[in-house]
Amino acid sequence: MDVRTFTALLSADGQALLAEVADCAGIESDLALGTRLRREHDADLVAAAVTQNHLRHKASPKFGSDAARMYFTHDALEQSTRASVSAHRASRLVAAGVKRVVDLGCGIGGDLIAFARAGMETRGVELDPVRALISQANLVALGLPGRIECTDATALKIGADETAFIDPARRSARGRTFNPKDFEPSWEFATAMLAAGAVVKTMPGIAHRMIPEGAEAEWVSDGGSLVEACLWSPRFATARHRATLLPTGATLTEADDPGAAPHGGVGAVIYEPDDAVIRAGLVTAVAAQVGGWLLDEHIAYVSANAFTATSFARTFEVLAELPFREKALKAALKDRDIGELTIKKRGVDITPDALLKRLRLKGEERATVIMTRVQGQARAFLVDPIVGAPDIEPK
């Protein structure tokens, strides 16, 4: 996609072509459709329309019904924030009294959409001219206010009443990078802005030692998947580490954490904390919440003798202990007529897919096995996910 082609796509002829592609997709193959349309339209414009239709379908899990009216590039879609996460961030800013926000490196405008919908005056800054055009087109397509400036975010003057949001690109010439030295804008720029009152989106795997003093790190999961970490400047920070679970908005901080938890054997229930909780270092807070203990001081599994509902962990009833050694495990599963097995593991040197191939199970039943360390020893447990609040007794 280039500026000329995208501008043509926004024209009346381009919009008619895009509508025709949407109507015919699934009826004609991409090859047949593209071949037919290129007889009457510019080849680059046809390719852009076919690509946009594909990307709109691909974007639906992130942007919902909005995706059908938005514009994307492959890379920008991959890098963009889920609408649910952007809306959560925007609601925090509004609750903190923010009225004007500037998105430094706004990409295709996913976060700008949430800021505008939340009622804030929005300004986007994007160095790439195609993405700048796309972000403006997305605001227009959704009937939202906001303006986009195609310029270098690092040279921009931030208004005294503006709050900056920064989502550094985490890609280098070699592809996705986890090295802050390769971020663009640089990590130094982002943290300097953070100290001045900004909000910075970063990678979920950020090390705790990298979190600047006074800032709050919020790890966010959506539908059970850890999707990002967000750093809030001291201006907005109300905790040091926070785990937030969407779509409910349930949140856990160090205020909920006693700082330590006992270790013990396996009780009637095993809790598997959400990845946001684990990244935030708040597993012991879950243990305190459910009246449980850690199976091992280095493993993020919690156990208890009774079921306590929690938003912050998947919960499993312990049905039986199984042999950990492969040959004996296979025999135990065969005796139970297990054919479809889910293996969950932490802290043990096992590759679940490889183990499943070696087990060669052929039974009729389904089962879940947790393989982990309990006080330093490798053990395996047959478990069943808990979806309600049954009366569970210790085994």
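May I ask what percent, to the nearest 5, of DSSP beta bridges between residues of region 214-330 are antiparallel? Among the beta bridges of region 214-330, antiparallel pairing accounts for roughly 75 percent. Charging the Cβ of each Asp and Glu at -1 and of each Lys and Arg at +1, and nothing else, the dipole of the chain about its Cα centre rounds to 680 debye. Note that region 83-94 has calculated 3J(HN,Hα) couplings of 4, 5, 6, 4, 5, 4, 5, 4, 5, 5, 5, 4 Hz, one per residue in order, obtained from phi through the Karplus relation 6.51 cos²θ - 1.76 cosθ + 1.60 (θ = phi - 60°); glycine and proline are x.
For region 130-166, trypsin sites (Lys or Arg not before Pro) are listed when DSSP marks them as loop and at most 11 other Cβ atoms sit within 10 Å of their Cβ; the list is LYS157.
By accessible area of protein heavy atoms, probe 1.4 Å, what ranking do GLU297, GLU20 get, highest first?
Result of the area sort, largest leading: GLU297, GLU20.
Note on the chain: with a GNM built from Cα contacts shorter than 10 Å, the maximum mean-square fluctuation among ARG100, ARG346, ARG360 falls on ARG360.
In order along region 338-353, the Karplus-derived 3J(HN,Hα) couplings, from 6.51 cos²θ - 1.76 cosθ + 1.60 at θ = phi - 60°, round to 7, x, 10, 10, 9, 10, 10, 9, 8, x, 10, 7, 9, 9, x, 4 Hz, and Gly and Pro are given as x. Of interest is the spacing of the C-alpha centroids, which for region 201-262 and region 147-166 amounts to 25 Å.
Nearest 5 is fine: what % of DSSP beta bridges in region 249-395 come out antiparallel, could you say?
Looking only at bridges with both residues in region 249-395, the antiparallel portion is about 70 percent.
Summarising the amide proton neighbourhood of LYS345: residues at separation of 5 or more, or on other chains, whose placed amide H is nearer than 5 Å comprise MET371. Of the residues ALA332, ASN305, PHE316, the one whose Cα sits farthest towards the positive end of the charge dipole of region 294-338 is ALA332 (charges of +1 on Lys and Arg Cβ, -1 on Asp and Glu Cβ, taken about the Cα centre).
Expressed as a rounded percentage, what relative contact order does region 263-369 have, with Cα pairs under 8 Å and six or more residues apart? Result for region 263-369 is 26 percent.
Ordering VAL387, VAL266, GLN52 by the projection of their Cα atoms onto the charge dipole of the chain, which places +1 on the Cβ of Lys and Arg and -1 on the Cβ of Asp and Glu, puts VAL266 at the extreme positive end. For region 317-365, applying the loop criterion from DSSP together with a ceiling of 16 other beta carbons within 10 Å to the GluC sites (Glu not before Pro) yields GLU364.
Count the DSSP beta bridges whose two residues both fall in the chain, then state the antiparallel fraction as a percent rounded to the nearest 5.
Of all bridge pairs located within the chain, approximately 60 percent are antiparallel.
How far is the Cα center of region 298-368 from the Cα center of region 2-19, in Å? Value for the Cα centre distance between the two parts: 53 Å.
Note: relative contact order over region 216-281, using C-alpha pairs below 8 Å and six or more positions apart, is 37 percent.
The helix-only estimate of mean residue ellipticity at 222 nm for the chain, built from DSSP H runs of length n ≥ 4 each weighted as -39500 (n - 2.57), is -9500 deg cm²/dmol after division by the residue total. In the list (1) 55, 20, 20; (2) 38, 24, 19; (3) 44, 30, 17, the label attached to semi-axes √(5λ) of the Cα gyration tensor in Å as derived from the coordinates here is (3).
With contacts taken as Cα pairs under 8 Å at a separation of at least 6 residues, region 182-237 carries a relative contact order of 38 percent. Helix 43-63 and the longest principal axis of the Cα set of the chain meet at an angle near 40°. Gap in Å between the Cα centre of region 25-51 and the Cα centre of region 59-112? Spelled out, the Cα-based centre of one part sits 29 Å from the other. Phi-derived couplings, Karplus 6.51 cos²θ - 1.76 cosθ + 1.60 at θ = phi - 60°, listed residue by residue for region 186-195: 5, 4, 5, 5, 4, 6, 5, 5, 4, 5 Hz, with x used for Gly and Pro. Residues whose amide H lies under 5 Å from that of THR368, counting only those 5 or more places away or on a different chain, are THR342, VAL383; hydrogens are built 1.01 Å from N in the peptide plane.
The values are calculated or read from the model by the stated rules, or taken from the named source; none is laboratory data. Every value quoted in this text rests on a predicted model; they were computed, and no experiment measured them. Heads up, the Cβs are rebuilt from the backbone with ideal geometry, glycines too, and the neighbour counts pull from every protein chain shown. With ligands, DNA and RNA removed, areas are computed over all heavy atoms of the protein, side chains included. Shrake-Rupley method; radii C 1.70, N 1.55, O 1.52, S 1.80 Å.
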